Amino acid sequence: MIFTNLIQTNLRTNQFGKQIEYYQQLESTNLESWELIEEDYASNGTIVITDNQYKGKGRGNNSWFMSPSKGLAMSLLITEPISIEDAELIPIATGVAVARALENRGVVPQLKWPNDILIDGKKCGGILCESKVSKSIVQKMVIGIGININEKRNDFPEEIMSSSTSLSIEAGHSNQRELVCAIITTFLENLFEDLNSSIPAWENYCSHLGNKVTFKHNDADHTGIFKGLNEKGHALIDIENETRSFQSIILK
Ligand code: BTN
């Protein structure tokens, strides 16, 4: 059970989270968000949240596992038009908002390009932003956030057990999911005031700044030194003394 009044009590926002749509179970909060947008039922900043997301979507056709009643699965809906430049910075800003929220709960989070949330080198959360573009403007956007909050080690499926962690494993105590949701939403609304400020903030949380990274691009493996983000929020990587920018690569 998620108590939406607990989210509302802890929000310090003007607009984000004023409308909250809670479901006991859902296939995916992102999928439901698009349905609400289609029905014109959601105002800007609406939160869609569930206690049991049974078919969560991850990046690149992956699935996202959520332990019912323990994890946090939420989507934040942007229903007002935004420029493509601003939209590109939103996943970066969301990573920063999540990292700040976890830090606020007493752990030391790190971000791995593009926006894996790690604690102690293990995955604690992920972000999936989806958008509808027309006339060179992002008309609608769904910001999906999944975080492992109160899972114990054996709550994770075997195949991700060794690479996953949760806030409670790392902090040593359980956390109220509603509070974490409210803190993320508050930090995110703040970052929307100045999306560019999320670039240096993201770099400060980066787990691999200045390190050698490997990734696939155009079907070939590449290795280089991760230098940070450019003003568009794209990854800057030095490959054989040339700095190149990449928008959609996944690091190994
Ligand atoms: C990743 O692959 O790292 C991104 C995972 C994103 C999962 C979240 S959970 C809430 C929202 N709804 C979904 O179906 N996916 C995102």
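The values are calculated or read from the model by the stated rules, or taken from the named source; none is laboratory data. Remember, predicted model here, so these are calculated numbers, not experimental data. Using ideal geometry, Cβ is built from the backbone for each residue, glycine included, and neighbour counts are taken over all protein chains shown.
Of all the residues in the stretch 21-31, those that are closer than 18 Å to residue 177 by Cβ and surrounded by fewer than 20 Cβ atoms within 10 Å (Cβ to Cβ) number 5.
Does the stretch 148-163 contain any residue that is under 17 Å from the mean Cα position of the chain (by Cα) and not in a loop (DSSP other than H, G, I, E, B)?
If we filter the stretch 148-163 for residues that are under 17 Å from the mean Cα position of the chain (by Cα), which is where we start, we get 148-149.
Next cut, not in a loop (DSSP other than H, G, I, E, B) only: none.
No, there is no match, as no residue in the stretch 148-163 is under 17 Å from the mean Cα position of the chain (by Cα) and not in a loop (DSSP other than H, G, I, E, B).
Hey, among 71, 60, 95, 45, which residue is at pLDDT below 95 and either within 13 Å of the ligand (Cβ to nearest atom) or not polar (S, T, N, Q) (or both)? Being at pLDDT below 95 and either within 13 Å of the ligand (Cβ to nearest atom) or not polar (S, T, N, Q) (or both) holds for just one of 71, 60, 95, 45, which is 60. Got at least one residue in the stretch 135-150 being surrounded by fewer than 24 Cβ atoms within 10 Å (Cβ to Cβ), assigned by TED's automatic domain parsing to the domain that holds residue 82, free of Cβ contacts under 8 Å to residues at least 40 places away in the same chain and more than 11 Å from the ligand (Cβ to nearest atom)? Yes; the residues of the stretch 135-150 include at least one that is surrounded by fewer than 24 Cβ atoms within 10 Å (Cβ to Cβ), assigned by TED's automatic domain parsing to the domain that holds residue 82, free of Cβ contacts under 8 Å to residues at least 40 places away in the same chain and more than 11 Å from the ligand (Cβ to nearest atom). With respect to being within 8 Å of the ligand (Cβ to nearest atom), farther than 14 Å from residue 147 by Cα and crowded, with 17+ Cβ neighbours inside 10 Å, residue 36 falls outside the description. For residue 29, the conditions (1) among the hydroxyl-bearing types (Ser, Thr, Tyr); (2) more than 8 Å from the ligand (Cβ to nearest atom); (3) touching a residue at least 12 places away in the same chain (Cβ under 8 Å) all hold with the exception of (2). In the stretch 60-129, counting only strands (runs of 3 or more DSSP E) that sit wholly within it, none holds 3 or more residues that are buried (at least 19 other Cβ atoms within 10 Å of the Cβ) and of a type in the set (Val, Ile, Thr).
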